[in-house]
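A short write-up of the structure that comes next.
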Amino acid sequence: MDYPPNELAERLTELEIKSSYAEDLLEQLNMTIYRQQQQIDSLILQVAQLKQQSQNAGQDGAARNLRDELPPHY
């Protein structure tokens, strides 16, 4: 298929624009994944800390009853 030079230049420009948008989108998606992985890592650390606290609380003596920890206004 032969295209006139002007039409070929237009098509090339359109492809370059689409390519640029695709590169931008890819970069945005990569940053989103990076931030999500940071959040996941932080949540994993928090869960591990809570698990450790829970285990330590169980070793500090008899099992605690939540009713013993009611606020004073009850």
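Taken together, the values in this text are just the output of simple stated rules run on the coordinates, not laboratory data. Fair warning: this is a prediction, and the values are worked out from it, not measured in the lab. Here Cβ is always computed from backbone atoms with ideal geometry, including for glycine, and neighbour counts include all displayed protein chains.
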How long are the semi-axes of the equivalent ellipsoid of the chain, taking √(5λ) for every eigenvalue λ of the Cα gyration tensor, in whole Å from largest down? 64, 13, 7
Using Cβ counts within 10 Å as a stand-in for footprinting exposure, how do M31, M1 rank, fewest first? M1, M31
Stretch gain in nm, segment Q38-Q59, where the contour uses 0.36 nm per residue and the Cα spacing is subtracted: 4.4 nm
With each pseudo-label sitting 7 Å past Cα toward Cβ, what's the N30-E69 distance in nm, one decimal? 4.5 nm
